[in-house]
Each structure stands twice: as structure tokens, then as C-alpha cells.
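Asks: This is the structure I want to talk about, given as C-alpha cells.
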Ligand SMILES: Cc1cc2nc3c(=O)[nH]c(=O)nc-3n(C[C@H](O)[C@H](O)[C@H](O)COP(=O)(O)OP(=O)(O)OC[C@H]3O[C@@H](n4cnc5c(N)ncnc54)[C@H](O)[C@@H]3O)c2cc1C
């Protein structure tokens, strides 16, 4: 794959843990050092849970970081915008984490290297040729790489996208922002400080956990030129912007590790695939930072594509499975462009007010991405419309017990690369067990019962699983490897489940 940002790393990890031979090339000689996309949504944390790295991510992030908002230098609000969000049985990660993007990438890289795969650095993809069975990737300097598929995870200026000739329609380049990482003296790193000044602009400093590194964001209204450009970033300039907009708060900035200006673009492709070449992450969609969905959407593109590519490469699934990547992800990219643009408008209006609530005003509808799913997908089959979940929904978690009485969550059962068939109250055990035994790496058949007993794999002693899935006598629920409900069926519809899974894991 081209590009080792969060999208490329997640995809490489998804493939590597399935035993796929993968190469991840990045033109940059060093990993990117900036904090950029610093909000990791609850849904991305669930992805990290499945990838086995959620503990490291949680350890490195702030959850429930309060926002302190000042207008004209006077504090007008001090609150946690997610204060009313708590973990629930069906959603263990209730809110976003503040973690620098460089750290998220580092954790992904470390996990990837456990599979023996390291990013190949200083390797730039400059083009490719594809035939019906392979892609020849051309590198700067004249080398080539042969691959069965190429995924362009190479960011907003994607070479792969341009070489494909896919359009990247939208608007952009007008609104901009100063962004950087600096050390700070004069503030306690226990909240996100946001200063707005209706005539001058706004500036914010967000701390990161355990290090004296803060993300600086600034929009100094008076400094934009006619083309919407801001002056060259420098520590002195950032300090001046802070002192001016925050009305001399007595805060000193030092030791910058990243200084930049960022222009807002709102653009997306009209297709995510052409033959054996795919686009993912910023290569396919870019949008305003409001709501912090950029990196998260890329991570979830990768999470969607990874298992499909692996099954096709293994010869288990028909290559047409790959068409569902665009079918599922393109509408969500469009949704993300819409909500983040609306969020930017809200935050811009809000920051100019005397009673500003700061970035809290940018909160987007479903900002944690937990309600997103694929109900329209051709992979979503509702065979039992009386259950509490619909095909395409995110599969909820539930705290249960294992047969020996130790704690066991449904997310523990889902973790890994397989489909899971939940058979409530036993379901039609025999036929499904046979299916799981025939494809043990790809399908896990799990009997959910309300008490311990023979054949019960998951003890739903408090009824959380039954309630989260709205299950009743014998309900069958197939959960995809990426944690979405694939199919619901009554106990009598064993053949539907077998046919469904047979198409995806049964060809080899
Ligand atoms: C300056 C800046 C500030 C941002 N701030 C925010 C924010 O505050 N909140 C937010 O949610 N999002 C923010 N974003 C967006 C967020 O960082 C991105 O959505 C996220 O990085 C996308 O991840 P990605 O892996 O798709 O692409 P990227 O992170 O851009 O990674 C692409 C990778 O591909 C490599 N590459 C590029 N071309 C080639 C090539 N030809 N061959 C090989 N490798 C190549 C690059 O070196 C890079 O490592 C910001 C982005 C930028 C650029």
C-alpha cells in the first residue's frame, strides 16, 4: 500500500494479522511528527480494541478533558462537553480520547512490527500500471513493486488518486488555521484552553497526556491575505497571536516540534476503486476538522477494506466482495463531509459570539461514530425483523461470563479476524457448529444462554446481550469481522446463515 499514515497502518495491520503478505511504502524518510488529528472517536477505540492496542491508546490519551472558554480574556465557561457520557454495557468507550496523531500512528506501527512488517521509508510511489491480475507499482528512482492490489492511502494530495484519474470534487483553500505542537509554561495541563475574541479571532491550546506538548490552533482574522493565506508560521508569530487574541494570558510557548498552516478543503472522490487499485482515507475524502472525524474516517475505511481484501486474496470470497467497499464507505464519506462542514459553520458562528462555548459548539451529530453502519449494503440481510438490531448496525458489546464464571464481554468474543454467529438460547446448534468446524479461522459459533449449562459458550447472566440484540428464543445474529451485524435470522433459518457465510468463507 502507498502511505503509512493512520489509514495505511490500520489497513496493513488488518491484512498482516490475517497472514496476508503486505508491503507498506511511504515517501517520507521519517514518521510525521505532528499531533494533527487528535480526537480518537469511541468507534475508533473499538477498532483499536479489536486490533489489540486499545490499552496503549487509552493510556496515552485524555478522556473527559474539560474545555475552558474565555472571551476577550475573561473565562466564560469551564466544562466537560461529554460529562453526561458514561460507559454502558453496550458501549464500553463512551467518548473520544485526545491523543496526538503521531502517538496513535506509533502504536499502530509497533503492533504492525509484531507481525514482522515495518514501513518502507523514503519510498515514493509515482505511478502504476494494472492488468486483470496484478498491479505494477512504479517508484521514484526507477524501481517497481508487483502486487495483486494497490491501496492509495497516500493522503489528500494522493499520487495514486491522480494516476487513477479519479476526480476530487469540492471546495477548498479558503478558511485556514495555524496549527502546531509547542511546550507551554503558565497553564496546568488539565483542560483544553480556548480563547475567542469576536473581532480578532480565536486561539486554543490542548495538552497531551504525560508530556509537555500542546496542540496550538489559531485563527487570527486580521492576518489572512486576499487569497486566504496566513503568514509563515513561527514560534514568535504563534506567541503574538496567542497574546493578542487571549489578551495577554501570561502563557509562554517554547520548543516547537511542528508548526504549520492548514487550509480547509471539502472534497471527495466519486469512486473508491478502479480495478485492482483502491483509495482510502484522505486520499478519498478531505473535510473540515470540526468534530475531529478525518483520521477516524480513514481508520474505518481501512477496517472495512481489510477483511474483504484478505478473504478475496485467500480465495475464500468472490472478488465481487470488494465492490461492497465503495458501496459501504462512499455514503459515509459524503455524510462526513456534510456534518463536518456544518460543524465548522457552527463553530465559526459560535466563536464570534460574546457567549461563545468554544469548540463544544462544533459537536457533530453522532460525533463518536457509534451510530454509523451499513444498513443499505448488499451484505446486510435482515432475516428476522423482530430482533432489536438491524443488519448493518454496529454490533453492540455486552458484559457476560464465560462458562467457568470469569468475565467475558461480547467484544472479547468478536476480537480477531472471524465472523461470529451468536445463537441465542442455543439456536440450531448442530448445523452451525459444523459450519464453524469447517472454517475455524473464519467463523466462530457461539451459544449465548442465560445460565451456565452444557453447550453454553457465553453466559448472559444479567441479560445484557439479550437486551442489546433484542434477541428472543433461538435468534441468530451473524457479526462481521469488522463488528457490524451482517444478518439476523430466526432459529429455523439455519440454511440462510450457512448460505450467507458459505459465499464469503466457503470457496477455498
Ligand atoms: C496539517 C494538517 C492538520 C490536520 N489537523 C486535523 C485535526 O485537527 N483534526 C482532524 O480530525 N484531522 C486533521 N487533519 C486530518 C488528519 O490528520 C487526516 O485525516 C489523517 O492524517 C488522514 O490519514 P491518512 O492516513 O489517510 O493520510 P495521511 O496522514 O496524510 O498519510 C498519508 C501518508 O502517505 C505518504 N505519502 C504521500 N504520498 C506518497 C507517495 N506518492 N508514495 C508513498 N507515500 C506517500 C505520506 O508521507 C503520509 O505518511 C489534519 C491534516 C493535516 C495535513
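The values are calculated or read from the model by the stated rules, or taken from the named source; none is laboratory data. Treat the numbers as computed from the prediction; the structure is a model and nothing was measured. Glycine also receives a Cβ, built like all others from the backbone with ideal geometry; neighbour counts cover every protein chain displayed.
Asks: Considering (1) out of contact with any helix residue (DSSP H, G or I) (no Cβ under 9 Å at 6 or more places or on another chain); (2) assigned to a loop (DSSP other than H, G, I, E, B); (3) crowded, with 18+ Cβ neighbours inside 10 Å, say which one residue 387 fails and leave the rest.
Replies: Tallying (1) out of contact with any helix residue (DSSP H, G or I) (no Cβ under 9 Å at 6 or more places or on another chain); (2) assigned to a loop (DSSP other than H, G, I, E, B); (3) crowded, with 18+ Cβ neighbours inside 10 Å, residue 387 fails exactly one: (1).
Asks: Separate question: Might you check whether a residue that is surrounded by fewer than 18 Cβ atoms within 10 Å (Cβ to Cβ), modelled with pLDDT of 95 or more and not assigned by TED's automatic domain parsing to the domain that holds residue 246 occurs anywhere in the range 355-376?
Replies: Yes.
Asks: Something else about it: Please go through (1) within 18 Å of the chain's Cα centre (by Cα); (2) surrounded by fewer than 21 Cβ atoms within 10 Å (Cβ to Cβ); (3) under 26 Å from residue 135 (Cα atoms) for residue 112 and return the number of the only condition it doesn't satisfy.
Replies: That leaves (2) as the condition not met.
Asks: Which strands (runs of 3 or more DSSP E) does the range 164-264 wholly contain that include 1 or more residues that are under 24 Å from the mean Cα position of the chain (by Cα) and either on the phi > 0 side of the Ramachandran plot or surrounded by fewer than 16 Cβ atoms within 10 Å (Cβ to Cβ) (or both)?
Replies: Values: elements: 168-185, 192-197, 201-207, 214-220.
In the range 164-264, 168-185 are the strands (runs of 3 or more DSSP E) which contain 1 or more residues that are under 24 Å from the mean Cα position of the chain (by Cα) and either on the phi > 0 side of the Ramachandran plot or surrounded by fewer than 16 Cβ atoms within 10 Å (Cβ to Cβ) (or both).
Asks: So, one more: Residue check: is residue 351 at negative phi and modelled with pLDDT of 95 or more? Working first, answer last.
Replies: Details: at negative phi: yes; modelled with pLDDT of 95 or more: no.
Taking the combined requirement at face value, the residue does not satisfy it.
Asks: While we're on this one: Select from the range 35-53 the residues that are free of Cβ contacts under 8 Å to residues at least 60 places away in the same chain and within 13 Å of the chain's Cα centre (by Cα) and write down the one among them that is farthest from residue 105 (Cα to Cα).
Replies: Taking the range 35-53 as the starting set, the residues that turn out to be free of Cβ contacts under 8 Å to residues at least 60 places away in the same chain are 45, 48, 53.
Imposing the further condition that a residue be within 13 Å of the chain's Cα centre (by Cα) reduces the set to 45, 48.
On the way: 45: 13, 48: 12 Å.
Per the criteria, the residue is 45.
Asks: Restricting to the range 111-133, name every residue that is out of contact with any helix residue (DSSP H, G or I) (no Cβ under 8 Å at 6 or more places or on another chain) and not in a loop (DSSP other than H, G, I, E, B).
Replies: Across the range 111-133, the qualifying residues are 113, 120, 121, 129, 130.
Asks: Any residue at all in the range 21-34 that is modelled with pLDDT of 95 or more, more than 16 Å from the chain's Cα centre (by Cα), within 27 Å of residue 394 (Cα to Cα) and crowded, with 20+ Cβ neighbours inside 10 Å?
Replies: no
Asks: As an exercise: evaluate residue 66 against (1) in contact with a strand residue (DSSP E or B) (Cβ under 7 Å, 6 or more places away or on another chain); (2) closer than 24 Å to residue 146 by Cα and give the number of the one condition it does not meet.
Replies: Condition not satisfied by residue 66: (2).
Asks: If residue 44 meets every condition in (1) touching a helix residue (DSSP H, G or I) at 6+ places or on another chain (Cβ under 9 Å); (2) in a loop (DSSP other than H, G, I, E, B); (3) within 22 Å of residue 359 (Cβ to Cβ) apart from one, which number is that one?
Replies: Unmet for residue 44, out of (1) touching a helix residue (DSSP H, G or I) at 6+ places or on another chain (Cβ under 9 Å); (2) in a loop (DSSP other than H, G, I, E, B); (3) within 22 Å of residue 359 (Cβ to Cβ): (2).
Asks: Is one or more of the residues making up the range 82-90 within 14 Å of the ligand (Cβ to nearest atom), modelled with pLDDT of 95 or more and either over 30 Å from residue 138 (Cα atoms) or crowded, with 21+ Cβ neighbours inside 10 Å (or both)? Before the answer, list the steps.
Replies: Taking the range 82-90 as the starting set, the residues that turn out to be within 14 Å of the ligand (Cβ to nearest atom) are none.
No - not one qualifying residue is present in the range 82-90.
Asks: Inside the range 1-30, can you point out the residues that are assigned to a loop (DSSP other than H, G, I, E, B) and more than 7 Å from the ligand (Cβ to nearest atom)?
Replies: Going residue by residue through the range 1-30, those that are assigned to a loop (DSSP other than H, G, I, E, B) are 1, 3-5, 17-24, 27-30.
Result: 1, 17, 18, 19, 20, 21, 22, 23, 24, 29, 30.
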